[in-house]
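A quick write-up on the structure given underneath.
The values are calculated or read from the model by the stated rules, or taken from the named source; none is laboratory data. Here the structure is a predicted model, which means the values were calculated and not measured. FYI the Cβ positions are ideal-geometry reconstructions off the backbone, even for glycines, and counts take in every protein chain you see. The accessibility values were calculated without ligands, DNA or RNA, using every heavy atom of the protein model including side chains. Shrake-Rupley method; radii C 1.70, N 1.55, O 1.52, S 1.80 Å.
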Amino acid sequence: MLKDRYSFINLGSYKSFTFLYNGVLQLNDSHIFDPVKDYSKFKAEHLENVDKLFDELVVKAGTDEEENKQTVNLINKHQKDIDEAAKKLRRIKKFGNFIKLLFILLFIGASILAILLYNGIKADDASYFLNNDLVLHVVVNVFCLIIGIFLVIIKKKKINVKIKNYDEYIQKMKKSMDELIDKAWNQMLSLNISFDWNMPNRLLEKTLKIIKMDSYVDAKKYDLLCNYYGLVDLSYNNEVSTTFIQSGEIFGNPFIIENYRLHYMGSKTYTGSLIVEWYEDQVRSDGTIERVKKTQTLYASVTKPYPEYTHTTRLIYGNDAAPDLTFQREGANVHLLSEKELEKLTRKGMKKIEKKEAKAIKSGDDFTAISNEEFEVLFNALNRNNEIQFRMLFTPLAQRQMLSIIKDKQFGFGDNFSFKKQGKINIITSSHLNSAKVNISPEDFVSYEFAKTKNLFKKYNDEYFDAVYKAFAPILSIPLYQENKTITFDYKENYNSYLSIWEHEAIVNSINISELVHPHSITKNILKTNVYASNNGYDLLQVTAYGYTGVERVDFIPVRANNGNFYNVPVKWIQYIPVEKTSNVLIKKADNLTREAFLKQVYGNNQWKDFFTRFVGSLDNLSYRKNLLVMILKNDLSQSDLTEINKFVNEGEV
């Protein structure tokens, strides 16, 4: 039986590991004014940092790459041998089926000939019949068929022996391969559990020293962005649920990267068909009448409500530079145009801008075109409301850097982002963020194969850097944003929860979702949270999952056939009926806990395993992520139970 990847944890023999980047890197005052020009430098530096960290993890974990490689090679060889044996077994079974069919045919043939012979003897004089040549043929054929049947039986037995031998060989090889896979998992155990949630962010901080990443989004960050910077929060909308959230700062100015799921009721068209038949009288060429059967397939459709879900990832950045300015520009993929096409687009765009400027003069509006025509056309923020603050923000240097981003063809920036400024809030959405897998778990690096784990770790951190760096590029191209720092904000003394509502929703969307949604739900769900209690680092949530169950319905739509009659065509469709389920989820801040310690204690200590199972039912309902311990509760916790959890989080022992 193949073991669980963490079943090898043994506290007595486990090699300890200390997380390398537990400390927070200090903010550095180095600026990035040319994101495109500096990209290659930072990219190379980041790859070096990723390689260095992985190598250090390997050393600390004591993982033997060569030993694992040999084991994996044996696994692959076993798999190849199994595949080849299975291929031969399939051929032998096909031949065996052919022999079986041949046996049946021979038996039937012999039986028929025997019956013919028997009937012939009964019908005629036996002595005369035996002298007949036909009878001799029949006797010889029956005899040959009987001999053939015996030979086929012998061949079939030999084939069955081969099939049995191959089956036993394959089972033996599978058992041996499972043992090798267990061995490989054991070899990789120390490295696999050394990956932690904050590694990608700490690596990003090390490369881009102007960025500081948070472990999780707390209530203070929520308060700052909403009540000082004026972010309009979507979380109170029951049609929206945050599925990922990451917060941080650039020079003291806060940001969040958020992925949210939006639900709306759309529509879906269902089709049905019906074959109808009728008879018509037709006149033949000779004047006679014949009845002819006619057939026609009728089609019908119905459009019914259908729940739709979309996902959007956005960067929200707070900065009180140009605090009254609002505008919105959309990406137009102009980086795909040639220089000649860009010039043509600029000339055409400037004619529209000149008309807008002339109209503004007549109406008394303050719109005035910037002298940099290419920037004015390509950035296309003509809906701005404050010319002075727009120019404060987009200095000639900022214009040049922004154009460099928009027109880039070499590094993958390009004009694929939208930029919305609403006072102190800046919102960037881009194809880089929407296509990036930002919500990744350390489990996504885990493998029993060293080479695969290394590749997964490097590939993700490379892609994560690209997604974050390119999303921030429009912000980083504006010098004023890097020079302006947030004033001191007076936080409240007490909040109704430790974590923000964004983090609450992101957490419950990432844990054992099957336990939270209604058992009859057949769609995605919108998860909303309500803080039931908060104390001593705990947030107790009531989580409600809103989804839909489906009921099959049939509508009969009258459709006219070519014979002039109407027929009811059945169209099957699904009626989506709302369902919901409410669960209790406990979240505990665990800043001193690492993923390594969590796995070691939960999977390597039966006392802790039994303790948590009492409240969550299954370890699938217990998780650790982003310095937070999360429990889907099945039973209530007493004060003494909470005390024990505090010990687990802070000390890792009973």
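Over 26 Å from the mean Cα position of the chain (by Cα), touching a residue at least 24 places away in the same chain (Cβ under 8 Å) and open to solvent by 50 Å² or more (accessible area, probe 1.4 Å) - does that describe any residue in the stretch 608-627? Show your work before the answer.
First pass over the stretch 608-627, keeping only residues over 26 Å from the mean Cα position of the chain (by Cα): 608-615, 617.
Restricting the remaining residues to those that are touching a residue at least 24 places away in the same chain (Cβ under 8 Å) gives 608, 611, 615.
Then keep just the ones that are open to solvent by 50 Å² or more (accessible area, probe 1.4 Å); that gives none.
For the stretch 608-627, residues over 26 Å from the mean Cα position of the chain (by Cα), touching a residue at least 24 places away in the same chain (Cβ under 8 Å) and open to solvent by 50 Å² or more (accessible area, probe 1.4 Å): absent.
Name the residues in the stretch 446-488 that are more than 23 Å from Asp64 (Cα to Cα) and of a type in the set (Val, Ile, Thr), would you?
Those that are more than 23 Å from Asp64 (Cα to Cα) and of a type in the set (Val, Ile, Thr): Val468, Ile475, Ile478, Thr486, Ile487, Thr488.
Got a number for residues in the stretch 582-602 being surrounded by fewer than 20 Cβ atoms within 10 Å (Cβ to Cβ) and either more than 16 Å from Lys647 (Cα to Cα) or touching a His at 6+ places or on another chain (Cβ under 7 Å) (or both)?
Number of matching residues: 3.
Open to solvent by 20 Å² or more (accessible area, probe 1.4 Å), closer than 22 Å to Ser430 by Cβ and within 36 Å of the chain's Cα centre (by Cα): is that true of Asn319 in this structure? Write out each step before concluding.
Working: open to solvent by 20 Å² or more (accessible area, probe 1.4 Å): no; closer than 22 Å to Ser430 by Cβ: yes; within 36 Å of the chain's Cα centre (by Cα): yes.
Here the answer is no, as Asn319 does not meet what is asked.
Please tell me if Ala381 is among the small types (Gly, Ala, Ser) and in contact with a Pro (Cβ under 7 Å, 6 or more places away or on another chain). Give the derivation first.
Details: among the small types (Gly, Ala, Ser): yes; in contact with a Pro (Cβ under 7 Å, 6 or more places away or on another chain): no.
Spelling it out, it is not the case that Ala381 is among the small types (Gly, Ala, Ser) and in contact with a Pro (Cβ under 7 Å, 6 or more places away or on another chain).
Which of the strands (runs of 3 or more DSSP E) contained wholly in the stretch 193-306 include at least 3 residues that are within 30 Å of Asp466 (Cβ to Cβ) and touching a Phe, Trp or Tyr at 6+ places or on another chain (Cβ under 9 Å)? Break it down stepwise before answering.
Details: elements: 211-213, 240-250, 253-283.
Strands (runs of 3 or more DSSP E) meeting the threshold: 240-250, 253-283.
List pairs: first in the stretch 162-182 and closer than 16 Å to Lys80 by Cβ, second modelled with pLDDT of 80 or more and not in a helix (DSSP H, G or I), Cβ under 7 Å, 6+ apart or cross-chain?
Hits for this filter: Ile181/Tyr448.
Among the residues of the stretch 175-192, is there at least one that is modelled with pLDDT of 90 or more, touching a helix residue (DSSP H, G or I) at 6+ places or on another chain (Cβ under 8 Å), in a loop (DSSP other than H, G, I, E, B) and open to solvent by less than 30 Å² (accessible area, probe 1.4 Å)?
No: the stretch 175-192 contains no residue that is modelled with pLDDT of 90 or more, touching a helix residue (DSSP H, G or I) at 6+ places or on another chain (Cβ under 8 Å), in a loop (DSSP other than H, G, I, E, B) and open to solvent by less than 30 Å² (accessible area, probe 1.4 Å).
May I ask you to list the residues in the stretch 488-517 that are open to solvent by less than 10 Å² (accessible area, probe 1.4 Å) and not aromatic (Phe, Trp, Tyr)?
Within the stretch 488-517, the subset open to solvent by less than 10 Å² (accessible area, probe 1.4 Å) is 499-500, 502-508, 516.
Hits for the stretch 488-517 are Leu499, Ser500, Glu503, His504, Glu505, Ala506, Ile507, Val508, Leu516.
I'm checking my understanding of the structure. Among residues of the stretch 474-484 that are more than 16 Å from Gly248 (Cα to Cα) and assigned to a helix (DSSP H, G or I), which one is modelled with the lowest pLDDT?
Glu483
Hey, can you tell me all the residues within the stretch 529-578 that are among the hydroxyl-bearing types (Ser, Thr, Tyr) and open to solvent by 40 Å² or more (accessible area, probe 1.4 Å)? Step through it out loud before you land on a result.
If we filter the stretch 529-578 for residues that are among the hydroxyl-bearing types (Ser, Thr, Tyr), which is where we start, we get 529, 532, 534, 538, 544, 546, 548-549, 567, 576.
The answer is Tyr532, Ser534, Tyr546, Tyr567, Tyr576.
For the condition surrounded by fewer than 16 Cβ atoms within 10 Å (Cβ to Cβ), hydroxyl-bearing (Ser, Thr, Tyr) and in contact (Cβ under 8 Å) with a residue 24 or more places away in the chain, what is the one hit in Ser447, Ser441? Write out each step before concluding.
Values: Ser447 fails: surrounded by fewer than 16 Cβ atoms within 10 Å (Cβ to Cβ).
Just a single option satisfies the conditions, and that option is Ser441.
Under 8 Å by Cβ, and 6 or more places apart or on different chains, what pairs join a residue from the stretch 332-344 that is touching a residue at least 12 places away in the same chain (Cβ under 8 Å) with one that is of a type in the set (Val, Ile, Thr)?
Note: pairs meeting the criteria are Val334/Ile406; His335/Ile406; Leu342/Val334.
For the stretch 70-88, does any single residue satisfy the condition of being part of a helix (DSSP H, G or I), closer than 30 Å to Leu480 by Cα and either small (Gly, Ala, Ser) or out of contact with any strand residue (DSSP E or B) (no Cβ under 6 Å at 6 or more places or on another chain) (or both)?
Initial filter on the stretch 70-88 (part of a helix (DSSP H, G or I)): 70-88.
Right, trim to closer than 30 Å to Leu480 by Cα and you get none.
No, the stretch 70-88 has no match at all.
For (1) surrounded by fewer than 21 Cβ atoms within 10 Å (Cβ to Cβ); (2) in contact (Cβ under 8 Å) with a residue 24 or more places away in the chain, each residue gets a yes or a no:
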position: Ser371; (1), (2): yes, no
position: Asp415; (1), (2): no, yes
position: Lys420; (1), (2): yes, yes
position: Leu433; (1), (2): no, yes
position: Ala451; (1), (2): yes, yes
position: Glu463; (1), (2): yes, yes
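Condition (residue is of a type in the set (D, E, K, R), in contact (Cβ under 8 Å) with a residue 40 or more places away in the chain, more than 30 Å from Thr297 (Cβ to Cβ) and part of a strand (DSSP E or B)) applied to the stretch 553-574: is it met by at least one residue?
No, every residue in the stretch 553-574 fails to be of a type in the set (D, E, K, R), in contact (Cβ under 8 Å) with a residue 40 or more places away in the chain, more than 30 Å from Thr297 (Cβ to Cβ) and part of a strand (DSSP E or B).
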